[in-house]
1. Got a sec to turn the phi values of region 20-30 into Karplus ³J(HN,Hα) couplings, 6.51 cos²θ - 1.76 cosθ + 1.60 with θ = phi - 60°, whole Hz, x for Gly and Pro?
2. For the chain, find the longest principal axis of its Cα atoms and tell me its angle to the long axis of helix 78-92, 0 to 90°, nearest 10.
3. When you count, for each residue, the other Cβ atoms within 10 Å and take the mean per peptide, how do 72-78, 128-134 rank with the highest first?
4. How long is the gain from Leu117 to Glu28 if the chain were fully straight, where each residue apart is worth 0.36 nm and the alpha carbon distance is subtracted?
5. What's log10 of I(q)/I(0) for region 2-149 at q = 0.12 Å⁻¹, Debye sum over Cα points only, no solvent?
Amino acid sequence: MRCCFALGLVLVGLAMRQWRNRPRLDDETPIPGWMLRIDHFTVAGAGQVGFALSALNPKNILLVAAAALEIAERGLPVGQQAVILLAFVLLASAGVLAPLVLTLALGDRSREVLDSLRSWLARHNAAIMAVLFLVIGAKLVGDAISGFAS
């Protein structure tokens, strides 16, 4: 319970930091340099960057740790825990898999949609992450408090 409570507080703190540091409506949101280079990646380079941005990202590590803690606390058999964690990873990967599926399905016609989506995500990234951290952090804190009370 203490781990969930502490991790929840960390996530709520990250949510507040992300929200405070988000760009204002009139701010120009620069697209990070790595995002500009995506169009020139080889398949191997794209795979390496994708791995680094997802598996080695501290934000993602915290979110997976929170999910693993929640799953472990349910007292399910190890096999069921593994299936649930795999389902979580697949669902969490939907944002990465969607552009791939879109590109495979539409080919060059996907370029306009993906460019528009890239701009929107770059503009609203801090707000999206703040809401995500707040929801998961609040759930962990709430679960820990209810666990302490019982």
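Only the coordinates and a few stated rules stand behind these numbers; no lab work does. These figures come from a predicted structure and were not determined experimentally. Counting neighbours? That spans all protein chains shown, and the Cβs are built from the backbone with ideal geometry, glycine included.
1. 5, 8, 5, x, 7, 4, 8, 6, 7, 9, x
2. The two axes meet at around 40 degrees.
3. 128-134, 72-78
4. Value of the extension gain: 30.4 nm.
5. -0.65
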